[in-house]
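Have a look at the structure below, then the notes.
Read-outs: derived from the displayed coordinates by stated rules, not from any lab. Since this is a predicted model, take the numbers as computed values, not measurements. As a convention, Cβ positions derive from the backbone with ideal geometry for all residues, glycine included, and neighbour counts pool all protein chains shown.
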Amino acid sequence: MNSNKLSEIRNNDPVVSIITSVYNGEKYLEDTIKSVINQSYTNIEYIIIDGGSTDGSINIIKKYQDKITYWVSEKDRNMYDGINKGLKIASGDIVASLNSDDFYADNDVVSDIVKFIDNNNCDGIYGNVIRYYQDSIKQIEKELFQIDFKILLFSEHSTFMPQPTLFIKRDIYKKLNYFDLNFNYASDFDFNLRCIKNYNIKYFNRAITFFRQHEESITSSGKLDTERETILIDHGINSYNKIIKFVYYYYFWMKYKVKNIFND
C-alpha cells in the first residue's frame with residue numbers, strides 16, 4: 001500500500017528527496033519521520049520503503065502518510081535494497097538517506113544544506129553527527145574535516161564521511177550504480193569510497209544527524225568487520241605503500257581525536 005504524491009512541486013527551489021528504509025523499526029521510526037516532516041525547507045520529497053514489517057511500523061507510517069510523499073511495504077533483500085528502491089523513484093535534485101533509528105539535528109538542516117551546496121558549487125556534502133546514547137541520554141557531536149579518497153580509504157572506516165549526513169545530487173547514485181547489494185552491512189562504506197573518489201563532496205561543519213547508539217544497531221553488532229575488509233581490498237588498499245598507509249592512518253585518526261578531545 002502506498003501514498004503517492006511524487007508529482008507535487010511546491011516552488012522553484014531544488015527538490016530534496018529523503019529516503020528511509022525500515023524493517024520492524026517501530027521503536028524509533030516516529031522520531032525519524034517527525035525530524036523530516038518538521039523541516040523548515042518546504043521542497044522535500046519524503047520516501048519510506050518498508051521491508052514488510054510485522055511490528056507497528058506500518059501504523060506509524062499511516063499516522064503521518066499525509067505528509068509522506070510515497071511509501072510502500074514489501075519484502076526486500078536488506079536495508080540497501082530498500083534505499084535503492086527509493087533512489088530509483090526519487091525525483092529530487094539532491095538526495096539523502098536517513099536510517100530509521102536516526103533523526104536530523106534540527107529543523108533547519110535541509111535548508112542550510114541546500115544553501116551550502118549552491119554557494120560552494122559542489123556535488124554534495126557530508127557533515128557532523130551527534131552520537132546519541134539512548135540509555136544515558138548522552139549527546140556527543142563529532143566534528144570532522146575535509147577528506148579525499150585516500151584519507152577515507154586509509155582510515156579503514158566510514159567514520160570520516162558518515163552516511164546519515166550525506167546529501168548528494170541524485171544523478172550520482174545512478175552513475176555509481178547505487179548501493180552494492182552484495183554487502184548487507186557495509187555497502188555505504190563502499191559507496192562513499194566510490195563517491196569521494198569521483199565527485200566533489202565538501203565537508204559542511206554543521207551538526208546534521210543524531211546517530212543513535214543502541215545494542216540493536218548495525219554499528220554496535222560487529223557485523224561490519226568482514227565486509228569492511230573486503231571493501232578495502234576491492235578499493236585497492238593493498239596496492240599502496242605500507243609506510244604511506246601507516247602515516248595516513250595515524251595522522252588523520254589523531255586529527256579526529258584532537259578535534260573531538262573535549263566532546264567525549
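Points worth noting:
- Taken over the stretch 32-92, the ratio of Cα radius of gyration to 2.2 N^0.38 Å equals 1.12.
- Value of [θ]222 nm, deg cm²/dmol, for the chain, DSSP H segments ≥ 4, -39500 (n - 2.57) each, nearest 500: -10500 deg cm²/dmol
- Taking the longest Cα principal axis of the chain as reference, the axis of helix 242-259 is set at about 60 degrees.
- Relative to the longest principal axis of the Cα atoms of the chain, the long axis of helix 79-89 lies at roughly 60 degrees.
- Cβ-placed point charges (K, R +1; D, E -1), dipole of the chain about Cα centre in debye, nearest 20: 600 debye
- Count Lys and Arg as plus one, Asp and Glu as minus one, and take only other residues whose Cβ is under 13 Å from that of residue 177; the net charge is then +1.
- Relative contact order (percent, whole number), the stretch 18-146, Cα cutoff 8 Å, 6+ residue spacing: 31 percent
- With the gyration tensor restricted to C-alpha atoms of the stretch 42-172, the semi-axes of the equivalent ellipsoid amount to 26, 19, 16 Å, longest first.
- Unsatisfied cross-links (Cα-Cα over 24 Å) in the set 88/223; 174/257; 115/202; 62/169; 138/169; 75/169: 88/223; 174/257; 62/169; 138/169; 75/169
- A Förster radius of 22 Å combined with the Cβ-Cβ distance from residue 42 to residue 77 puts the calculated FRET efficiency at roughly 0.05.
- Our analysis of the chain gives Rg over Rh at 0.95, with the two radii drawn from alpha carbon positions and Rh computed by the Kirkwood formula.
- Per-peptide average of other Cβ atoms within 10 Å, ordering 192-198, 97-103, 114-120 highest first: 97-103, 192-198, 114-120
- √(5λ) per eigenvalue of the Cα gyration tensor, the stretch 90-132, largest first, Å: 20, 13, 10
- Once the mean of 1/r is taken over each pair of separate Cα atoms and inverted, the stretch 101-218 shows a Kirkwood hydrodynamic radius of 14.9 Å.
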